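Worksheet: the structure to be examined is printed underneath.
Each reported figure results from applying straightforward, stated rules to the coordinates on display, with no laboratory input. Everything numeric here is computed off the predicted structure, so don't read it as measured data. Because the Cβ atoms are built from the backbone with ideal geometry, glycine has one as well, and the counts that use them run over all protein chains shown.
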There are 2 protein chains.
Amino acid sequence: MAIRDTGAEQLIKDTAKRIFFAEGKLNATTQDIADAAGVTRTLVNYYFRSKDVLFRQVFDESMHDMGNRMDEVIQSTLPFKKKIERFIEVFYTQLATYPYQESFMIAEINSNGFSFQKKDRPNVLAAFLKEIQTEMEKDAVKKMKPMNFLLNLFALMAYPLLTRPLFKIIFELDDLQYTKLLNERKKMIVDILFN
Amino acid sequence: MAIRDTGAEQLIKDTAKRIFFAEGKLNATTQDIADAAGVTRTLVNYYFRSKDVLFRQVFDESMHDMGNRMDEVIQSTLPFKKKIERFIEVFYTQLATYPYQESFMIAEINSNGFSFQKKDRPNVLAAFLKEIQTEMEKDAVKKMKPMNFLLNLFALMAYPLLTRPLFKIIFELDDLQYTKLLNERKKMIVDILFN
DNA sequence: ATTTTGTTTGACTAATTTGTCAGACAAAGA
DNA sequence: TCTTTGTCTGACAAATTAGTCAAACAAAAT
């Protein structure tokens, strides 16, 4: 009965994440993943019965991880502005190792819909929206729907990463220059969001 | 020698655009497109030798259209702020009919790279960046790298559209409510960008 | 009317990718 | 040692998708 954990299952998942999120190969086949993991494709089917199951599992876990990482910051006792700065930092760190994660998530949701178990963490978001509201009343940030404040935060952080290959060409920048531009944004985003 | 234009070629392209950009079926097959257009798949191969050619043609044309629409606004004689407002309006109109266009472009660039003929319109962007710079010196907008101003503009416009299915669920909004939220953003984006 | 030429299709082939299954292999238990 | 059981593989079958080709069709030209 005991599982003999050889690490293969985790290896396959990690490899899949690397291919999807780090290498941006959004349409990788199971063979691609098996090859990259150094196992046979049959083994992928042994652990995950089908391609869909593997994809969904990778998707769900990543979604969950991301949620946890952010909740942790949101629920911390830091003062609001520090909290946002920390939030940006966490987001950028994650995207440094997995630059295509957002892309993958968005594409996946667009094509295969989205089933999300939001029964857990029921009021984390609500509490944070309320905290934002409070800051607005203190005139610390521009008055708007708190949801829009959050959308703005994510937009300013994520969009330049999502569109990196596009804007690299539009602006005629090399990788290093674009990375520099991105890093300058961390401070700028805070400046924009706060009065 | 004369082409007997039956409209089939254009029909196929338009249908492809509809499926990709309006319905968000990013991984549609040539069969899907043929079916939706009411023609046989063979005909798709008659006009466009391969799937890749069709995809690229749709991609290039859309990219070009979008570029033109935006250049038109950028090169207009409107005062700067009006120009930005008009820009947002144009962008929103386009995304109302083709909500998934950005998604498609990004995914396409991520997986298949990007060859862009930027020999045309060589200085449109440069001129606009300069105009932004001038506005910064007049203190009309926050001081930053003009490129970042542009990135912010696009981010604030596009991101909430890209992630619509995701944030609909996160915020627990229905379609109508989300659309309302989006529309409120038009004015807000201007408020954020300008002093 | 007949030929020509561009358009469209059905049937076929090829390529790619996924899924299954019997059996090999190796670690643990008897 | 022998058996059991979980892990892994190679060979095969199935499904999906893309591409080709000869021939049917229809509009124009002769």
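If you count, for every residue in A:71-83, the Cβ atoms of partner chains within 10 Å of its Cβ, what is the mean? Don't skip to the answer; put the middle values down first.
Working: counts 0, 0, 0, 0, 0, 0, 0, 0, 0, 0, 0, 0, 0.
Counting Cβ atoms of other protein chains within 10 Å of each residue's Cβ and averaging gives 0.
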Name the residues of region A:1-39 whose amide N is less than 20 Å from a point 7 angstrom out from the Cα of A:Thr97 along the C-beta direction?
A:7-26, A:36-38
Cβ-defined net charge surrounding A:Ser62, 13 Å radius [Lys, Arg +1; Asp, Glu -1]:
-1
B:Gln10 versus B:Asn45: modelled label distance in nm, points set 7 Å from Cα along the beta carbon direction
2.7 nm
When the Kirkwood radius is taken over all Cα pairs of chain B, what Stokes-Einstein diffusion coefficient follows at 20 °C and 1.002 mPa s, in µm²/s?
113 µm²/s
Rounded to 10°, Cα long-axis angle of helix A:8-17 versus longest principal axis of chain A
50 degrees
Against the longest principal axis of chain A, how steep is helix A:51-74, in degrees 0 to 90 to the nearest 10, with axes from Cα atoms?
30 degrees
Compute the long axis of helix A:146-162 from its Cα atoms, compare it with the longest principal axis of the Cα atoms of chain A, and write down the angle in degrees, 0 to 90, nearest 10.
50 degrees
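Within 10 Å of each Cβ in peptide A:166-175, how many partner chain Cβ atoms are there on average? Round it to a whole number, please.
Numbers: counts 10, 4, 2, 6, 8, 7, 3, 1, 0, 0.
Shielding by partners across A:166-175 averages 4.
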Using alpha carbon centroids, what distance separates region B:1-38 and region A:145-195, in Å?
35 Å
So the FRET efficiency between B:Asp71 and A:Leu176, C-beta based with R0 = 30 Å and rounded to 0.05, is 0.55
Which net charge results for the neighbourhood of B:Ser76, defined as the other residues with beta-carbon distances under 11 angstrom from its beta-carbon, given Lys and Arg at +1 and Asp and Glu at -1?
+1
Determine, for region A:1-121, the count of lysine pairs separated by eight or more sequence positions (or lying on different chains) whose alpha-carbon distance falls under 27 Å.
15
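Would you mind giving the mean number of other chain beta-carbons within 10 Å of the Cβ of each residue in A:52-59, as a whole number?
Numbers: counts 0, 0, 0, 0, 0, 0, 0, 0.
For peptide A:52-59, the averaged partner shielding equals 0.
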Can you spot the aspartates and glutamates whose alpha carbon is less than 17 Å from A:Lys186's alpha carbon? Ignore those fewer than 8 places along the same chain.
A:Glu85, A:Glu89
Helix-derived mean residue ellipticity, 222 nm - over chain B, DSSP H n ≥ 4, -39500 (n - 2.57), to 500:
-22500 deg cm²/dmol
Could you tell me the calculated FRET efficiency between B:Glu61 and A:Glu137, based on Cβ-Cβ distance and R0 = 35 angstrom, to the nearest 0.05?
0.10
Once you place label points 7 Å from the Cα toward the Cβ at B:Lys187 and B:Lys81, how far apart are they in nm?
1.4 nm
Using alpha-carbon coordinates alone, the radius of gyration and Dmax of the protein assembly as shown in Å work out to 22.5, 76
Hits among lysines - C-alpha to C-alpha of B:Lys180 under 22 Å, sequence gap 8 or more where chains match:
A:Lys130, A:Lys142, A:Lys143, A:Lys145, B:Lys168
